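Comments concern the structure below.
The values are calculated or read from the model by the stated rules, or taken from the named source; none is laboratory data. In this text the structure is predicted, and so the values were computed from the model without any measurement. In this analysis, Cβ positions are derived from the backbone assuming ideal geometry, glycine residues included, and neighbour counts consider all displayed protein chains. Quick note on the areas: whole protein, heavy atoms, side chains included, nothing else; ligands and nucleic acids left out. Shrake-Rupley method; radii C 1.70, N 1.55, O 1.52, S 1.80 Å.
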Amino acid sequence: MAKGLLISKTLAAATAILTVSSVCGLVLMLVIYQIQIGKNAPVPPPSPVPSTAIPSGPPPSLRLPDNLIPESYNVFLQPYFYVEVLNNTEQSFVFKGNSTVRLKCMKKSKSIFLHVRYLNVTDVEVTNSDSNEKISVMRYEVHYNESNFLEIQLNDVLLNGTYYDLFTAFVGEHLDDLSGFYLSQYKVRGKEEEDEERFLAASQMQPTDARKVFPCFDEPALKAVFNITIIHRLNTIALSNSLADSKFGTIDGEKWVISTFEPTPVMSTYLLAFSVSDFEFKMITSGTKISTYARPDAIDAGHADYATEIAGLILDHYEKTFGLRYPLEKLDQIALPDFSEGAMENWGLIAYREAGLLYDKDTSSNFDKEWVATVIAHELAHQWFGNLVTMSWWNDLWLNEGFATYISYLGVEAAGWDLKDLIVLREIQTAFEVDSMNTSHPLSLHESNIETYSDIIEHFDDITYSKGAAVLRMLSTLMGEEDFMRGIKNYLYKFQYMNTKYTDLWKCLQEVTTKNVAGFMGTWIEQVGYPVITIITETGEISQEQFLLKQTQGHGTAWQVPVRSVKSDDLEKVDGYILRVNGPVQKPEYQITDEKWLLANINCTGFFRVNYDEKNWNRLLRQLESAYHVIPLINRGQLIDDAFNLARADRLNITIALSLTKFLLNDTEYIPWESAIKNLDYLILMFDRSEVYGPMTKYLRKQVAPLYKYFKNNTDNGSIPERHTDQYNQVNAISMACSNGHFECITMATKLFHDYKNGTNRIHPNLRASIYCSAIAAGDEDDWEFAWEEFQRATVASEKDKLRYALSCTKEIWLLNRYLQYTLDPAKIRKMDLISTINYIAKNVAGQPLAWDFVRGQWSYITEDYGAGLISLGSLIDGVTKRFSTGFELKQLRQIQQEQEEDDQEFANRALEQVIERTEANIKWVTENKQAVLDWFSES
């Protein structure tokens, strides 16, 4: 968890200094409050959240009691910092504020519980909304534990059905921990040609950090209307969820800007957003006023143009698709120099990392451009899935994130990107890997399983995002896309401005189909894992069983599995069958004779793996080697991915999986190559420290040579292929060839990098990350130092990211160690990039043990003092342990787990359990398969 909950000495001193000015400020705020409350009539409150009956003391769980529900907030915030510090101006990172929340009493009570964290609450008042009579406050206290409760005990009784106003005044501090109302910085080139520091404040409330900004009922079902006023310095702009009316005012003889924002729609606290900065913007109007805010130099350079343009296209597409207009008058997008996640869907003010929003046509790659479109499509999908209709509690987070992930593949089409087939690589195969662990979790857990901050954070994982998208794609295929979208439109219309559970979704979908939606989807949502379907073509038998990399006793429950298959003698006829039992079930149409073959899970629309008898595998192998194009493109990737993972789970001989890579000598398509590279990477991780590595690199070098030659003219000419997937495969060809010792590739990379050092960068932006990495891996200290200087000079985030990755590719141990130390200095590596930079280094065989020792040595600093954000700690543990396959490494992991239990810590518990399970499986697999792998590569 973060460091102590007491306020800092700086904050205490600042609070004392500001006490005198607070009286005048408070009077002004209250005057504005009275004006605003007169303009805005109350709205009907949301339905109360079911909860435990309120006892006399604190609630028995970490959930808020159901005696009071919020209806509206009036929040005043006054940040004191200066964007630019001139003439010895005294900088202050304190903010003051007050909040008045209108409450409806649902049960008689003498107590109020809401959330607060890291704030000094200086005043509390409770008033009857109708009579204006003050309710006597006995005492109030902040609970410095995981509950984050602000407990208010009253002398008088709050009456059922009556409205009350709860006023709180508070003081907070802009920390640089990337959460709450936090501090960020960037540099500009000054008049003296020297870099000057600029400061800004921005917010990140998800999942439970609105309570760090003002006292509030910080649970997603407790929706309310928010009236926000921000009092900020001259020459700054304040943004929030809705449109603002900004005026000048004088407080204590000092001029300020007072920005009063229009009331928001009814919404959850985690969707609130604020920023105060000197940013500029690019704006278009297409029904909705769309503005993209960023650093002034980025706006001047046109880096926000693309994001602004496609946001309008995607928003229009969603409005037509869902049959519901975007409900706000404006949509702001802001590119933040420091942001913990890729982006955040705040209603009306979406926050992004710079690399997720800004596109520079001179230095950004087509992949960067695609990424901008994908992130925007994801966040705009959230304006309906998450913002308009919100999950009732964090256990159903997949209703937000799974939907936004799936819908984004449809949304990017409006911006000209056809990525729908890539969902198999990016979501399905990603989810397969995590969900094949015993330590995985169902898409929807019981509410009682998600209570603490750590519980909630751990739910933001590949299961929630990627598996959520995969099962929605499967359901859409089963129902038919047209019926599926009709049901989705009904769902959005029926539950707009409300909270839902997944059963509400099933009911809406059931209204438009004869398929049993709840019956089909029940096991996919409620139970962990996924099945492997085994088809024995000699007998026609089909059966299912839970797929686990480390096999234990499965749960035994059968999924409803939609098996779509074809046979080699009639490729146009797709056979559909739903397997509802474990089996085996006799299916005569699955019985194959002669040299024919059967192929199941066509286009990988089902979330399951497929295994066959060895004869059918061999027939598929022969087909691929003789005429690979007969097998559908997606299924060529699926066969490789299924085979390698079946081999890892001891369900298939590893030699069959390896033999499936032979046809790639002739195939130049991205999906099968990417599937192969991802799975061969596992073998590299397991064996790049052993005698297997030599024969393996020789084979890989031979296999990739034709692909490298296929793209050679493009690469040598500094150009790229026309097709987007070919552009990806060109990068694969270079990365795989250079990393496996292809002489021509390494010569090409070092020459282009040498030209770059001499002032001529002819490397196409698509290829820069790969070529920079290959050249630095083959180069010396001078090459590394040049790249480091270029990284520091770069102002475009996407170019900085390419260089930051390439710096991790050196084989020099001392440089990698120094690079690891740089990650602890935010002036060198931004906090938001700490995790990914360490993981880049760990991917390097020379850097992996260094990264592991570094993480163990700095664990306390990273988790407690650094404020890196718990959302990323799971990926850090995963990244630095991918090579673990020895008993000693397993012992180290268990020691960390024991230390966490002894210290009563809950940092990334599930991720730690998963890497322990993965390491156990790796040890077993390597022991049993090392010799077979060595023999196969030696003979191939």
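Distance between the modelled labels on D853 and R139, one decimal in nanometres: 5.3 nm (7 Å Cα→Cβ projection).
Here region 366-467 was treated as a single set of alpha-carbon atoms; its pair distances binned every 5 Å from 0 give 2, 13, 20, 22, 19, 13, 7, 3, 0 percent.
Label point of D688 set 7 angstrom out along Cα-Cβ; within region 755-796, amide nitrogens under 13 Å from it belong to 774, 777-778.
Take the alpha carbon atoms of region 634-661, find their center, do the same for region 209-248, and report the distance between the two centers in whole angstrom. If we compute the Cα centre of each part, the gap is 53 Å.
Here the accessible area is traced with a 1.4 Å probe on the protein chains. For region 179-337, carbon and sulfur cover 47 percent of it. Going through the DSSP H helices of the chain, which span 27 Å or more along their own axis at the Cα atoms while scoring at least -1.0 as a mean Kyte-Doolittle hydropathy? Flagged H segments are 9-39, 909-939.
Looking at region 245-299, the pairs of alpha carbons with a distance over 13 Å make up 77% of the total.
The Cα-based radius of gyration and maximum Cα-Cα distance (Dmax) for region 795-859 are 11.0, 33 Å. Over every Cα atom in region 537-586, the radius of gyration and the widest Cα-Cα span, Dmax, amount to 13.3, 39 Å.
Note on surface exposure: S872, S626, S268 rank S626, S872, S268 by accessible area, highest first, 1.4 Å probe. Each of A777, N713, Q586 was scored by the projection of its Cα onto the charge dipole of the chain, and the greatest displacement toward the positive side belongs to Q586; charges sit on the C-beta of Lys, Arg, Asp and Glu.
Annotation for region 554-594 versus region 747-793: alpha-carbon center distance of 52 Å. In angstrom, the C-alpha Rg and Dmax of region 211-291 are 14.5, 42. The listed residues E197, E789 rank as E789, E197 when sorted by accessible area, largest first, using a 1.4 Å probe.
For K662, the lysines whose Cα comes closer than 24 Å to its Cα, not counting residues fewer than 8 places off in the same chain, are K567, K596, K615, K678, K698, K702, K709, K712, K930. Take region 788-892 with all the other protein chains still there, run a 1.4 Å probe, and you get 37 Å² of accessible area per residue.
In the context of the full set of protein chains, region 630-766 has a per residue accessible area of 37 Å² (1.4 Å probe).
Sorted largest first, the principal axis extents computed over the alpha-carbon atoms of region 246-353 equal 53, 36, 28 Å. Looking at region 129-190, the chymotrypsin sites (Phe, Trp or Tyr not before Pro) that sit in a DSSP loop and have at most 15 other Cβ atoms within 10 Å of their own Cβ are Y144. Counting only protein heavy atoms and using a 1.4 Å probe, what share of the accessible area of region 771-905 belongs to carbon plus sulfur, as a whole percent? Summing carbon and sulfur atoms, their accessible area is 48 percent of the total for region 771-905. For region 545-614, state the average projected area of the convex hull of the C-alpha atoms over all orientations, rounded to one decimal in nm². Computing the convex hull of the Cα atoms and averaging its projections yields 5.6 nm². Binning all Cα-Cα separations of region 56-158 at 5 Å, short to long from zero, yields these whole-percent fractions: 2, 10, 18, 21, 17, 11, 7, 5, 4, 3, 1, 0.
Stokes-Einstein diffusion of region 82-124 at 20 °C, 1.002 mPa s viscosity, Kirkwood radius from Cα pairs, rounded to a whole number: 145 µm²/s. By the rule of a C-alpha distance below 18 Å, with chain neighbours fewer than 8 residues away ignored, the lysines paired with K282 are K330, K361, K369. Gain in length, K712 to R793, computed as 0.36 nm per residue apart minus the alpha-carbon separation, to one decimal in nm? Contour length minus the Cα-Cα distance gives 26.1 nm. The mean of 1/r over all distinct Cα pairs in region 405-533, once inverted, gives the Kirkwood hydrodynamic radius of 15.9 Å. According to the Cα-based calculation, Rg over Rh for region 505-649 is 0.98, with Rh computed by the Kirkwood formula. Across M832, M696, M106, M283, the residue with the most accessible area heads the list, and the full order at a 1.4 Å probe is M283, M106, M832, M696.
Helical runs assigned H by DSSP (4 residues or longer) give the chain a calculated mean residue ellipticity at 222 nm of -12500 deg cm²/dmol, each run adding -39500 (n - 2.57) before division by the residue total. To the nearest whole percent, what portion of all C-alpha pairs in region 209-252 is separated by more than 17 angstrom? Pairs farther apart than 17 Å: 48 percent.
Computed from the Cα positions only, the extents of the chain along the three principal axes stand at 89, 68, 57 Å, in decreasing order. Each peptide in 579-590, 494-505 was scored by the mean count of other Cβ atoms within 10 Å over its residues; highest first, the order is 494-505, 579-590.
Within region 325-416, the trypsin sites (Lys or Arg not before Pro) that combine a DSSP coil assignment with at most 13 other C-beta atoms in a 10 angstrom radius are R325, K361. Separation of region 816-892 and region 72-129, taken as the distance between their Cα centroids, equals 37 angstrom. Of the accessible area of region 527-576, computed with a 1.4 Å probe over protein heavy atoms only, carbon and sulfur atoms account for 45 percent. For region 618-745, a Kirkwood hydrodynamic radius built from all Cα pairs, placed in the Stokes-Einstein relation at 25 °C and 0.890 mPa s, yields a translational diffusion coefficient of 162 µm²/s.
Just so you know, the Rg over Rh for region 329-384 is 0.97, from Cα atoms, with Rh as the Kirkwood radius. Solvent exposure of region 261-331, expressed per residue, is 34 Å² of accessible area, with all protein chains present and a 1.4 angstrom probe.
A straight chain from R426 to H555 at 0.36 nm per residue would run longer than the Cα-Cα distance by 43.7 nm.
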